[in-house]
Amino acid sequence: MDAIFLDLDGTLTDPKIGITRSIQYALGALDQPVPVEQDLLWCIGPPLKTSFKTMLGSEALAESAVALYRERFSDIGIFENSVYDGIPELLAALAGGPRLFVATSKLAVFAERIVAHFALTPYFERVFGPGLDGALAEKTALLQYALEQSGLDGHRTVMVGDRSFDIIGARNNQMTSVGVLYGYGSEAELREAGAEHLCATPQDVRTVLDRLKSSQQAG
């Protein structure tokens, strides 16, 4: 196991308040119906524009909504966020082992600020995320790019995430997939996507990664 890639939203941090309130802000500014917070949880994980297009049914409206979302998120929503219990301990335990990266559908400029805000930057070699132009928004393309940029073979890497997009992206790049159940994807979603391992807590993630490393060394 040469490297471990971890998703950000729903895996390292809980971004619910910042994301849902920023979506509500954008929809309200466009005079669109504004769902309650609980009805927007499905938007945590997928590319933002895709979620807005599903809600609004229009490419142009979705682009306007993304711009309005970023207007609030960049100053307020970005820090309406918290690190999951057990994540600092997990990262500390992994330090000095396989290379560690963040791979997220959140814009790289936002993801880097969040990782730095919570003092997690020292654990990671690099944070991979889409650019402002939307390039690499899909997880499969993002992970392919990350592997190429890092000189890694997907067969010798692991992707840890909470949504089907993480699992499918890992599978498409021949990476071992670990799904976490404490985020925003259901067990059914992760199993259907083909998750090879499921973890209820960050402590379970450490156990699975230790087991994978031991089995590789034994092999």
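Summary table
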item: Nearest-ten-degree value, helix 16-29 long axis tilted from longest Cα axis of the chain; result: 30
item: Most mobile listed residue (PRO88, PRO122, PRO46) in the chain, GNM with C-alpha springs under 10 Å; result: PRO122
item: Alpha-carbon centroids, the stretch 74-152 and the stretch 20-61: separation in whole Å; result: 23
item: Value of [θ]222 nm, deg cm²/dmol, for the chain, DSSP H segments ≥ 4, -39500 (n - 2.57) each, nearest 500; result: -14000 deg cm²/dmol
item: Along principal axes, Cα extents of the chain, largest first, whole Å; result: 60, 32, 31
item: Residue-wise HN-Hα coupling along the stretch 46-61, computed from phi with Karplus coefficients 6.51, -1.76, 1.60 (Hz; x: Gly, Pro); result: x, x, 4, 4, 4, 5, 5, 5, 4, 6, 9, x, 8, 4, 5, 5
item: Total lysine pairs under 15 Å (Cα atoms) in the chain, excluding pairs fewer than 8 apart on one chain; result: 4
item: Angle in degrees between helix 139-150 and the longest Cα principal axis of the chain, rounded to the nearest 10; result: 50
item: Extreme residue, positive dipole direction of the stretch 26-155, given options ALA103, TYR84, ALA62 (C-beta unit charges); result: ALA103
item: The chain: most fluctuating residue of LYS53, LYS106, LYS16 per GNM, C-alpha cutoff 10 Å; result: LYS53
item: Rounded D (µm²/s) - the stretch 16-79, Kirkwood Rh over Cα pairs, Stokes-Einstein at 25 °C, 0.890 mPa s; result: 217
item: Top of ALA95, ALA188, ALA170 by mean-square fluctuation, Gaussian network on the chain, Cα under 10 Å; result: ALA188
item: Estimated inter-spin distance, GLU148 and GLU89, nm [label 7 Å along Cα→Cβ]; result: 4.0
item: Segments 113-121, 68-76 sorted - mean Cβ within 10 Å per residue, highest first; result: 68-76, 113-121
item: For the chain, share of DSSP beta bridges that run antiparallel, in % to the nearest 5; result: 10
item: The stretch 16-79 - percent relative contact order, Cα under 8 Å, separation 6 or more; result: 49
item: Cα centre as origin, Lys/Arg/Asp/Glu Cβ charges: the stretch 136-219 dipole, Debye; result: 200
item: Length added when fully stretched, ARG126-SER58, from 0.36 nm per residue minus Cα-Cα; result: 21.1 nm
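Any read-out appearing in this document is the output of simple, stated calculations on the displayed coordinates, not a laboratory observation. Keep in mind it's a predicted model, so treat the numbers as computed, not measured. Using ideal geometry, Cβ is built from the backbone for each residue, glycine included, and neighbour counts are taken over all protein chains shown.
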